[in-house]
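Inspection log for the structure reproduced underneath, given as C-alpha cells.
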Amino acid sequence: MNGSCLEFKNPIRDAISRIRFAPQSNNLLISSWDSSLRLHAVDCSQLRLEASFEAALLDCCFQEETVAFSAGSDGSITRYDLESGISNKIGNHDDIATCVEYSTETRQVFTAGFDKKIIAWDVFGAKPQVFLKNLDADVESMSLSGFELIVAVGSSVDIYDLRNLDQSVRTNESCMDVTIRCVSSIPYSKGYAVGSIDGRVNLEISYPSGSNNTGYMFRCYPRSRDGRNHVVPVNDIAFNPLISGVFVTGDNAGYVTAWDAKSRRRLFDVILSAPSIVTSCSVNLNNIASLTYNHGGQILAVASSHTYQEATEMSVVPFLLLQVQPFNIYAIR
C-alpha cells in the first residue's frame, strides 16, 4: 500500500484537532493546537495559507472553496477568506468552542462548546445569534448532513431538524453506555455512526428506499502481534462519498480500519507506523486524530498526532477504489 506524507517548512508544533477536504477540490484545511489554521493543496503539495492566532483551534470547516470557519479555545468563532487571508470573528461562546459546522441549506454556522450551548450564527444577516440551546453536558462531537444536525452529548445522540430548531427530532439515549468520542453523518442517506471511548461503533443508516435500513453495534478493537484485542477509543469516523456503506475508523492505537456497513465486514487495516504505508517520511505510532475523504472518495487524509508530542507530519493515503465484486477488497493505488 502506497502513501505520501505532507511536510511543512514550519512544522505543526502541537496536536492536530481537525482536517477537512474542500467541497470541490483536494485542498485540505487543518486546524491545530498551535493556534494555526493551514490550507494545503494536496495535488501539488503546497501550503496555500497559514493563519496564526492567540488561541488554540479545536475544529474547522469549509463554507465554500475559499471560505472557512474555526472554533477556538478562547470561545471565538472565526471566519476566514482563504484567498485574501482576511479573518473576522463572528461570535463567542462563554467557554472553549469545540465544534463548528456550516449548513449550505440554511446558510448558518452551528457551533458548540464547553459552555454546554449549541449556537447558530447567521453570518449574512445583521443578527448573528439565531438559535441557542442549553444542554446538560458538554458536546463531545457534532456532524451535519443536509437538514440534520447530529450532536453527541455524553453517551446519547440528539438529532435536530434545521428547519425546526425549537426541539430535537429524536434522542437516542441508549446509544451507548459510555461516553461517545465522535459522531459522523452519512453523506448519501439519513443516519450516523458514533465511536466510543471503549472502542465500539454504533451504526444507524436509513436508506431512501427504506428496504435496507441498517442498525447495529460492533467492536473494532485492533489486534496486536500476539493476536489479542486491545480496548482503545475510536477518535474519528469518515464515510466514503463514492461507495455506499464504506467507512473508516481511526483509533488511539494508530490504526485506520475500513469497514463495509452492509456486509458487516472489516475490509482492511492501515497502521501508520508501518514502513510499507508511508514511504516518503517517518511516522511514529500516534493516535489517529482526524479523518477525511476528498469529494470524489479517491483520497483519504489521516491526521496522526496526540496531545503530548509534536504533530509534525500528516499522512495522506490515496485510494483508487475499484470494487471487484460486492463487498470485496479494493485495489489501492
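The values are calculated or read from the model by the stated rules, or taken from the named source; none is laboratory data. None of these values were measured; they are calculated from a predicted model. For neighbour counting, all protein chains shown are included, and Cβ atoms are generated from backbone atoms with ideal geometry for every residue, glycine included. SASA here: full protein model, heavy atoms, side chains in, ligands and nucleic acids out. Shrake-Rupley method; radii C 1.70, N 1.55, O 1.52, S 1.80 Å.
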Across 10 Å bins from the origin, how do the percents of Cα pairs in the range 40-95 run, short distances first?
22, 53, 21, 3
Binning every alpha carbon pair distance of the range 1-139 at 5 Å from zero, what are the percents per bin?
2, 10, 21, 22, 20, 13, 7, 4, 1, 0, 0
Rounded, prolate or oblate: which fits the range 69-136, taking a ≥ b ≥ c as square roots of the Cα gyration tensor eigenvalues, rounded meaning a/c under 1.5, else prolate when a/b beats b/c?
oblate
Protection proxy (average C-beta count within 10 Å per residue), highest first, orders 190-203, 41-54 as 190-203, 41-54
Surrounding charge for Val123, neighbours by C-beta under 10 angstrom, Lys/Arg +1, Asp/Glu -1, total +1
Rounded, prolate or oblate, given the Cα gyration tensor of the range 1-71, with a/c below 1.5 counting as rounded?
oblate
In order through the range 47-52: 3J(HN,Hα) via Karplus (6.51 cos²θ - 1.76 cosθ + 1.60), integer Hz, x for Gly, Pro
7, 8, 8, 9, 10, 10
Interchain or long-range residues, amide H under 5 Å from Arg181's placed H
Gly195, Ser196, Ile197
From the Cα gyration tensor of the range 106-162, with a ≥ b ≥ c the square roots of its eigenvalues, which class applies: rounded if a/c is under 1.5, or else prolate if a/b is larger than b/c, or else oblate?
oblate
Accessible area in square angstrom per residue, the range 41-196, 1.4 angstrom probe:
43
Amide H neighbours of Gly75 under 5 Å, counting only residues 5+ apart in sequence or on other chains, H built in-plane at 1.01 Å?
Ala97
Subtract the Cα-Cα distance of Thr66 and Asn10 from 0.36 nm times their separation in residues, and report this length gain in nm to one decimal.
17.9 nm
